[in-house]
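What follows is one structure encoded as structure tokens, with my remarks underneath.
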Amino acid sequence: VIPTATFARDVWRLLQKDLRREFRTRLTWPAAFLMGLLLVLTLEFQTDLPEATKQQITGGFLWLVVFITGTIGFEKSFTDENDDGCLDALRMCPVSPAAIYTSKVTLNFLMLVCITTVLILLFTLFAEAPLLDRPTETLSVVLLANLGLAAIGTLIGAIVNRIRTRGNLIALLLLPLVLPVLLGAGEATRLSMANDIGEEFGRWLQLLAAFAAVVVTTSLLVFDFVLED
Amino acid sequence: MKAVANYAVRGEAWATYSSAALLAAAMLAIFLVAPHEQTMGSPQKILYVHVSVAWFGLLGYLMTAGFGLMYLLRRGDVWDDWSRASAETGWICSTLTLATGSLWAHEAWNTWWTWDPRLTTSLILWAAYAGYFLIRGSIEDPGKRARTAAVLSLLGAVDVPLVVMATRWFRGIHPVSPSMEPTMQLVLLLTVTGFTCFFVILLIRRQTQLGLQRQVDSFGTLPS
């Protein structure tokens, strides 16, 4: 049993390492932001629709763009670690696999929250979507949905990198697994924009929370098996 | 030992014949015994098959995850064979569920497909296991393949409660436990039992086949 303080310290150090690496290389986050911007511009250019119709579909668009940009981060989470043997070195250190997983999830969660914030501003600017009208509700959807996305995305990223499969397998594997999050977040965002904060909104939020809790727990338990050679 | 093997072969043959007879009886009961439904008419009979395959579809995925967990804990190849056989059987049932559901929807709702919560979550489950087979096919190392598939099956199993509860949690048009006549209930029970026996036999046979395949593979290439 690893003491909580040791676990938290390991997670913090690993997170610092990954943030430092990202700050030095500036590869993943800028690529994800640029991809997000281009997707928003493309979608808005292609969908010249009445404002009411736009409000109906902006929630779905937002979470689809978050997913696509997020896959860049998920895929990169373990690529560098694998390529330079860093992951093998980490496994030799007295660091639990759960700490490695938690640090990667935290990193991806931070990236997703930052990307979603920028995307919300872009959709507000270009689509005049009332995403900022109910900040508390929007924030709760953003936090819960991104936690579920980061938890499952990080695990699938690790699997795809460990098996060294070429091709865009991560999106194929990830999309069916995260569809409940994308649908739930899209619907909750639509209801929030329509100012319809009632029982249905609460149920979608509960779905997002339950999904995140189950996926985080399952992933923490199985991550050790993913790292095995 | 040879006598035990003979009994096993005979037992499996008897089980196969019995399940075939049960399935045939269920089919006859659907068309000859089950009462004619007033609103939908004959297309309502799809329901008996639809419920039977849908039930085993969900069970198949839970078994895939269960056997996958056993593989991770025990590391016996036999658990991976069971897990793969369950996934294949479950996926066949899931495909049949979507197909029969679509036929039923066309008659009941006048559309082949609608984005009802139950239908959507069923499609997600089907797609998740398509990904499971995709990753199995892309890994050559048997140990790594079994381990990765087991982890994925556990993640996929998260979707099963969503499929089951979708009609209760979210408003949709898919029926939830509709009331039926006692004869209809009996026919449904017979059909579910018949299909369950048939798919269990299919599962056992596939697992045996996978075990034999592994033995053949372990012989390696014969010298020329």
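The values are calculated or read from the model by the stated rules, or taken from the named source; none is laboratory data. Small disclaimer: the values here were computed from a predicted structure and weren't measured. Ideal geometry is used to build each Cβ from the backbone, glycine not excepted, and the neighbour counts take in all protein chains shown.
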Problem - Residues within region B:185-210 that are among the aliphatic types (A, V, I, L, M) and within 29 Å of B:Asp81 (Cβ to Cβ), tallied - result: 7
Exercise for the section: Determine whether region A:52-61 contains at least one residue that is closer than 20 Å to A:Leu173 by Cβ, at pLDDT below 90 and part of a helix (DSSP H, G or I). Expected result: no
Completion exercise
Residue pairs within 7 Å by beta carbon, gap of at least six or interchain, first lying in region B:37-52 and on the phi < 0 side of the Ramachandran plot, second of a type in the set (Gly, Ala, Ser) and surrounded by fewer than 20 Cβ atoms within 10 Å (Cβ to Cβ), listed first then second, are B:Met40/B:Ala108
Exercise for the section: Can you tell me which residue among B:Pro43, B:Pro35 is touching an Asp or Glu at 6+ places or on another chain (Cβ under 9 Å) and outside any helix (DSSP H, G or I)? Expected result: B:Pro35
Handout entry: Some residue of region B:142-150 being under 27 Å from A:Gly184 (Cα atoms) and either in a loop (DSSP other than H, G, I, E, B) or more than 9 Å from every other protein chain (Cβ to nearest Cβ) (or both)
Key = yes
Completion exercise
In region A:19-31, anything at pLDDT below 90, of a type in the set (D, E, K, R) and assigned to a helix (DSSP H, G or I) is listed as A:Arg21, A:Glu22, A:Arg24
Practice task
Quick one: count up the residues across region B:121-133 that are more than 7 Å from every other protein chain (Cβ to nearest Cβ) and over 11 Å from B:Asp159 (Cα atoms).
Solution key: 3
Handout entry: Among the residues listed as A:Ile100, A:Ile120, the single one being part of a helix (DSSP H, G or I), more than 16 Å from the chain's Cα centre (by Cα) and modelled with pLDDT of 90 or more
Key = A:Ile100
Exercise for the section: Look through region A:188-209, keep the residues that are surrounded by fewer than 19 Cβ atoms within 10 Å (Cβ to Cβ) and part of a helix (DSSP H, G or I), and return whichever of them is nearest to the other protein chains (Cβ to nearest Cβ). Expected result: A:Arg203
Practice task
Show the residue pairs that are 6+ apart or on different chains and have beta-carbon atoms under 8 Å apart, the first residue being within region A:83-99 and of a type in the set (Val, Ile, Thr), the second being in a helix (DSSP H, G or I).
Solution key: A:Val95/A:Asp10; A:Val95/A:Leu14
Handout entry: Meets criteria (among the acidic types (Asp, Glu), within 30 Å of A:Ser219 (Cα to Cα) and either at pLDDT below 85 or buried (at least 17 other Cβ atoms within 10 Å of the Cβ) (or both)) for B:Glu140
Key = yes
Handout entry: Residue match in region A:152-161 (condition: facing chain B (nearest Cβ under 8 Å) and either outside any helix (DSSP H, G or I) or charged (D, E, K, R) (or both))
Key = no
Practice task
Report, ordered by the first and then the second residue, all pairs with beta carbons closer than 7 Å, sequence separation of six or more or different chains, a first member in region A:214-228 that is more than 8 Å from every other protein chain (Cβ to nearest Cβ) and crowded, with 17+ Cβ neighbours inside 10 Å, and a second member that is not in a helix (DSSP H, G or I) and not charged (D, E, K, R).
Solution key: none
Exercise for the section: Consider only pairs whose beta carbons are under 6 Å apart and that are at least six residues apart or on different chains; among these, list those whose first residue lies in region A:110-136 and is basic (Lys, Arg) and whose second residue is outside any loop (DSSP other than H, G, I, E, B). Expected result: A:Arg134/A:Ser192
Fill in the blank from the handout: Every listed condition ((1) more than 14 Å from every other protein chain (Cβ to nearest Cβ); (2) closer than 30 Å to A:Thr6 by Cα; (3) within 11 Å of the chain's Cα centre (by Cα); (4) buried (at least 20 other Cβ atoms within 10 Å of the Cβ)) holds for A:Val113 save (4)
Practice task
Please state which one of B:Val53, B:Val78, B:Val49 is within 23 Å of the chain's Cα centre (by Cα), of a type in the set (Val, Ile, Thr) and closer than 28 Å to A:Asp224 by Cβ.
Solution key: B:Val78
